[in-house]
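J.: Pasting a structure here, questions to come.
Every read-out reported here was derived from the displayed coordinates using simple, explicitly stated rules and does not represent laboratory data. This one's a predicted model, so the numbers in the text were calculated from it and none came from an experiment. Neighbour counts run over all protein chains shown; Cβ positions are idealised from the backbone, glycine included.
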Amino acid sequence: MSDLLSAGVDVFRLNLSHGEIGGHLERLERIRKASKLTGYEVAVLAYLPGPKIRVEAFPDGGVEMVPGEIISLIESNRCSTEAEICVDVKGLFSGLSEGDQVVLGDGHIMLEVASVSAKAVSAKVINGGRIQGSPGVHVPSERLSASTPTAEDLVYAEQMAAAGVEFIAVSFVRRAGDIAEVREVVKNRAQLIAKIETNAALGDLSGIINASDGVMVARGDLGIDCPLEEVPHLQKMIIRECVERGVPVITATQMLESMISASVPTRAEVSDVANAVFDGTDAVMLSGETAVGEHPVEVVETMSRIAERAERQASYRGWASRLGRHQRGDWTSVEDRITAALGNAASQAARDIGATAILCCTQSGRTARAMARFRPEAALIGLSPDEQVVRSLRLSWGVDSMSVDVYESTDEMVWYAVEKAVQEGRVQHGDTVLVLAGAPGERSVAAADVLRVVQVA
């Protein structure tokens with residue numbers, strides 16, 4: 001873990017779909033120890049499993065699914081065969097209609113519903129191949145009767161929030177209400193990330209983004225629930241919507257997939273990571289490459305180099321200008337409009353005066369996230385007295401976060417923020433910096449309403 005942190009990791013992911021909760025809590029402790037050892041602040045993201053739907057086991061050695069063959073989809077606990085796919089989940093297949101697609105495993109086995117009757121569902125094998133074990137089964141999200149979050153998800157959410165993780169990802173979100181259910185359990189102990197991986201979620205995307213603290217473009221299941229050719233366009237659209245609202249967005253799944261076994265990625269994978277950066281994503285995520293891959297440190301180093309090179313090429317000036325126009329008609333509360341307006345002003349002022357850095361003094365992280373949406377050329381530094389907020393800002397684009405004390409006045413806050421940045425080597429004597437802050441007291445909870453220009457002596 002220390003090597004991974006040194007290689008460039010900002011957030012560790014704990015996938016609760018695998019293993020026992022005790023093992024994940026142990027890993028969380030190891031992450032915290034590695035962070036202290038290396039001096040790298042790092043956040044932790046816990047994945048809720050969501051509905052786990054798997055077919056009943058195939059015979060040892062698996063079976064061959066032959067394209068063109070007609071098979072039955074049955075609700076039963078008996079073993080699956082090449083002629084019958086059995087699932088011990090009541091009502092899973094009852095909502096299917098002719099023409100619906102059913103996918104097994106990671107998507108390489110695809111079936112199309114041929115007929116539906118009161119007694120059985122028949123499907124034609126479209127993409128065949130060998131399949132074994134108890135693979136997952138995916139039906140169109142609008143047909144899925146299983147609820148999200150599950151009862152198990154809510155138990156896990158409580159346990160991980162109590163353990164102090166910064167983020168909890170909600171799987172198979174279909175509506176904003178799914179996030180609200182987890183929020184009731186978690187309260188303000190952790191931030192919630194909505195995984196966009198269903199077609200149903202796209203119908204309530206604005207509501208989901210507004211209800212969430214972050215969003216993940218989960219391209220794996222999204223590419224199963226939606227046509228594959230739509231995924232690149234959906235990725236760009238989701239990222240754009242998130243950036244406009246100042247909500248951190250993660251691009252995930254198969255980014256450097258070949259490096260699970262290979263020591264170098266394919267050229268197409270390199271382009272994929274770079275293009276996600278060009279799209280404006282806050283973070284790019286690794287999955288199997290580091291969870292079970294043979295070269296975990298090397299793959300993090302590779303992704304870091306690709307992202308850093310892409311950032312040097314990206315131009316955000318036109319984007320920042322468009323965001324400034326967009327926000328005037330999209331922010332509803334006075335507090336949001338104040339914070340957004342100061343962020344826009346700071347973005348323009350930093351360019352006009354050639355500022356070295358923009359310091360965001362923030363209790364909740366909100367000011368730094370609002371500033372990050374403008375993708376400033378100046379270094380972006382988030383300062384907070386809350387250590388969990390400091391770690392959570394690692395997810396937001398370009399934010400270098402640090403801990404500070406609580407201060408009694410705006411002047412004191414600005415002074416010590418600049419002094420801290422100098423002490424940590426982020427700012428040098430002679431630099432010009434901008435400081436965004438909220439006045440201490442009740443108003444600081446609502447909005448950042450102070451912008452100072454400081455010449456570092």
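J.: Considering only C-alpha atoms, what is the centroid distance from the range 62-80 to the range 132-200, in Å?
T.: 29
J.: While we're here: Please report Cys360, Cys226 as a ranked list, fewest other C-beta atoms within 10 angstrom at the top and most at the bottom.
T.: If I rank by nearby Cβ atoms, fewest first, I get Cys226, Cys360.
J.: I've got another one for you. If we count other beta carbons within 10 Å of each Cβ, what is the order of Thr362, Thr281, fewest first?
T.: Thr281, Thr362
J.: Taking +1 at the Cβ of each Lys and Arg and -1 at the Cβ of each Asp and Glu, which of Cys86, His138, Leu111 sits farthest along the dipole of the range 63-142 towards its positive end, judged by Cα position relative to the Cα centre?
T.: The residue sitting most towards the positive pole is Cys86.
J.: 222 nm [θ] for the chain, helices only, -39500 (n - 2.57) per DSSP H run of 4+, per residue, to 500?
T.: Computed mean residue ellipticity for the chain: -11500 deg cm²/dmol.
J.: For the residue pair Asn77 and Glu419, what label-to-label distance in nm results when each label sits 7 Å from Cα along the Cα-to-beta-carbon direction?
T.: Each label point lies 7 Å from its Cα, and together they span 6.8 nm.
J.: 7 Å from Cα along Cα→Cβ at both Glu229 and Ala268: what's the point-to-point distance in nm?
T.: Here the answer is 1.6 nm between the modelled labels.
J.: Right, here's the next one. How much of the DSSP bridge set in the chain is antiparallel, in percent, rounded to the nearest 5?
T.: 40
J.: If you don't mind, another one. Tell me the relative contact order for the range 87-204 as a rounded percent, counting alpha carbon contacts under 8 Å between residues six or more apart.
T.: 20
J.: Sticking with this structure for a sec: For Trp397, Trp415, what ranking results if the residue with the fewest other Cβ atoms within 10 Å of its Cβ goes first?
T.: Trp415, Trp397
J.: The chain: Rg/Rh from Cα coordinates, Kirkwood Rh?
T.: Rounded to two decimals, Rg/Rh equals 1.01.
J.: To the nearest 10 degrees, how steeply does helix 317-327 sit against the main Cα axis of the chain, on a 0 to 90 scale?
T.: 80
J.: Figure the gain on full extension for Arg309 and Arg337 (residue separation times 0.36 nm, minus the Cα-Cα span) and round it to one decimal in nm.
T.: Between Arg309 and Arg337, full extension yields 6.7 nm more.
J.: Sequence gap at least 6, Cα distance under 8 Å: using those rules, report the relative contact order of the chain to the nearest whole percent.
T.: Relative contact order for the chain comes out at 11 percent.
J.: Excluding residues fewer than 8 places away in the same chain, name every one of the lysines whose C-alpha is closer than 27 Å to that of Lys195.
T.: Candidates past the 8-residue exclusion: Lys52, Lys90, Lys187, Lys236.
J.: How many nm separate the modelled label positions at Arg30 and Asn188, each set 7 Å beyond the Cα in the direction of the Cβ?
T.: It works out to 3.4 nm between the two label points.
J.: Within the range 1-91, report the GluC sites (Glu not before Pro) that DSSP leaves as loop and that have at most 14 other Cβ atoms within 10 Å.
T.: Those satisfying the criteria are Glu20, Glu69.
J.: Roughly speaking, what is the stretch gain from Lys52 to Ser409, that is 0.36 nm per residue apart minus the C-alpha to C-alpha distance, in nm to one decimal?
T.: Gain in length upon complete extension: 123.4 nm.
J.: Tell me the relative contact order for the range 141-210 as a rounded percent, counting alpha carbon contacts under 8 Å between residues six or more apart.
T.: Reported relative contact order: 37 percent.
J.: Let me ask another. Hey, with R₀ at 22 Å, roughly what FRET efficiency would Ser122 and Glu142 work out to, going by the Cβ-Cβ distance, to 0.05?
T.: Calculated value: 0.60.
J.: Which three lengths, in whole Å and largest first, does the range 171-212 cover when its Cα atoms are put on their principal axes?
T.: Principal-axis extents of the Cα atoms in the range 171-212, largest first: 29, 16, 13 Å.
J.: Continuing with the same structure: Given a Förster radius of 30 Å and the C-beta distance between Phe278 and Asn210 as r, what FRET efficiency does 1/(1 + (r/R0)^6) yield to the nearest 0.05?
T.: Plugging the Cβ-Cβ distance into 1/(1 + (r/R0)^6) gives 0.75.
J.: Related question: Around Val42, under 12 Å between beta carbons, what's the net of Lys plus Arg minus Asp minus Glu among the other residues?
T.: Taking every other residue near Val42 into account, the sum is +3.
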